[in-house]
1. In terms of the ratio Rg/(2.2 N^0.38 Å) built on C-alpha atoms, what value belongs to the stretch A:1-145?
2. With a cut-off of 8 Å between alpha carbons and a minimum separation of six or more residues, what is the relative contact order of chain B in percent?
3. For chain B, which longest stretch is free of loop sites, where a loop site is one of the GluC sites (Glu not before Pro) that DSSP puts outside H, G, I, E and B and that has at most 13 other Cβ atoms within 10 Å?
4. Which value at 222 nm does chain B reach when only helices count, each DSSP H run of 4 or more adding -39,500 (n - 2.57), with the total divided by all residues and rounded to the nearest 500 deg cm²/dmol?
5. So how far, in whole Å, is the C-alpha centre of the stretch A:162-218 from the one of the stretch B:108-181?
6. Using a 1.4 angstrom probe on protein heavy atoms only, which residues from the stretch A:178-218 are buried by at least 10 Å² of accessible area when all chains are present rather than their own chain alone?
7. Looking at the protein assembly as shown only, what percent of DSSP beta bridges run antiparallel? Nearest 5 please.
8. Among the trypsin sites (Lys or Arg not before Pro) within the stretch B:43-129, which fall in a DSSP loop and have no more than 10 other Cβ atoms within 10 Å of their own Cβ?
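The values are calculated or read from the model by the stated rules, or taken from the named source; none is laboratory data. It should be emphasised that the depicted structure is a prediction, and the values quoted were computed from it without experimental measurement. Counting neighbours? That spans all protein chains shown, and the Cβs are built from the backbone with ideal geometry, glycine included. Just the protein is used for accessible areas: all its heavy atoms, side chains included, with ligands, DNA and RNA removed. Shrake-Rupley method; radii C 1.70, N 1.55, O 1.52, S 1.80 Å.
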Amino acid sequence: MIALLLRDLKLAFRAGGGFGLGLAFFLIVTVLVPLSVGPQTSLLALISPGILWLGALLANLLSLDRLLALDWEDGSLDLLATAPLPLEVALGIKAFAHWLTTGLPLVLAAPVLGVLLNLPTAGVSWVVISLLLGTPALSVIGTFGAALTVGLKRGGLLLSLLVLPLYVPTLIFGAEVSRRGAVGMDVTTPLLMLAGITAAAVALLPYASAAVLRVNLR
Amino acid sequence: MTLSVTDLAITRGGLPVLEGLSFALPAGQAMVVRGPNGIGKTTLLRTLAGLQPPLRGQISGNEDTIAYAGHADGIKPTLTVRENLSFWASVFGLKDITRALLAYDLGELSERAAGTLSAGQKRRLGLSRLLVTGRPIWVLDEPTVSLDKNAVEMFANAVHTHLAVGGAALIATHIDLGLEAELLDVTPFRAKPAPLDDFDGVFL
């Protein structure tokens with residue numbers, strides 16, 4: 001288990017591993033939005049929680065393509081499926097490694113990049129908390145999508161179309177926590193919903209991913 | 001630890017390719033699978049490895065005993081030879097990779113990134129993975145592709161040692177490995193095409 005996690009982390013940080021891809025995309029979004037919207041700080045403060053969430057979500061989506069495709073191409077996925085490690089666990093670990101290399105950097109970068117969007121100070125902690133709670137769900141849902149489309153040539157478009165609707169609940173409640181937090185409203189309800197979505201996704205989706213992957217490996 | 005197959009039928013892409021196949025592979029023996037291209041050798045090996053379910057028939061003795069090596073070696077180009085091997089060793093719960101490095105003469109290459117190896121060297125790395133799985137039954141699909149004469153000998157030696165300690169090997173190959181192996185020609189087991197009136201009978 002640990003070996004698979006360490007290998008995935010190592011691969012992500014080595015040349016061509018794709019670490020930083022999501023982060024760079026996130027940076028681009030947050031830099032370009034103020035330029036395109038205009039310099040009205042009040043407007044930016046209003047939309048910044050939503051923009052940060054949308055940017056994080058799209059940055060996540062960008063890296064899903066490589067999540068299982070590389071392992072499928074070089075045959076590692078076949079070998080992993082015949083290894084003693086249950087496929088459910090293997091995919092859970094891969095989702096966790098994806099979160100560590102894509103989701104976590106986004107969470108850490110959000111407060112810094114929030115400055116560019118004039119994010120209200122009261123909202124900073126809620127943006128971080130909501131992203132921290134919500135991004136694991138994005139990774140496991142993304143792993144499920146990647147397992148569904150593994151083996152398809154240029155499966156990226158299909159992957160995005162399949163995964164985006166599944167991302168919607170996380171986006172709605174995550175952005176709602178950030179928005180309410182930024183204006184000082186009570187966040188309990190959306191926060192609990194967000195936590196519930198993440199808990200359910202993390203608990204259930206590895207099984208679904210393993211099931212569809214077994215079908216795809218035939 | 002005998003791998004036995006009774007009345008096996010297997011499919012590729014939903015179509016039956018082989019049917020009525022039965023054989024047993026006891027410990028200490030090697031078996032060579034032969035047959036023309038497209039007959040279903042790879043599909044047979046993948047079914048035995050548990051990567052796809054059989055259409056009919058029973059397979060016994062393949063639970064957690066099979067080390068499968070297919071056309072692709074599962075090598076990560078940015079990891080070194082040693083890192084690649086150690087990863088697979090720890091997935092299979094083993095630590096020692098020196099025996100595997102020695103058997104395929106990979107010692108000098110061990111710190112090189114696997115992406116810089118030649119095709120034959122990659123294949124040797126892929127085959128050395130079998131030695132770190134600790135599993136008794138090797139199921140190998142065209143293992144000698146891109147190997148030179150020397151490396152084929154290394155491979156034959158590795159299989160020989162494996163058989164001597166009570167392992168077994170099922171190998172799809174067309175070259176002579178110099179092993180005492182039973183021959184399994186799958187050509188007679190080619191699945192008969194489904195009768196035509198099954199195809200559009202309901203519409204007529």
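1. Scaled against compact globular proteins, the figure is 1.17.
2. It comes to 30 percent, rounded to a whole number.
3. It works out to B:112-179.
4. -7500 deg cm²/dmol
5. Between the Cα centres of the stretch A:162-218 and the stretch B:108-181 lies a distance of 45 Å.
6. Those residues are A:LEU217, A:ARG218.
7. The answer is about 40 percent antiparallel.
8. Passing sites in the stretch B:43-129 are B:LYS95.
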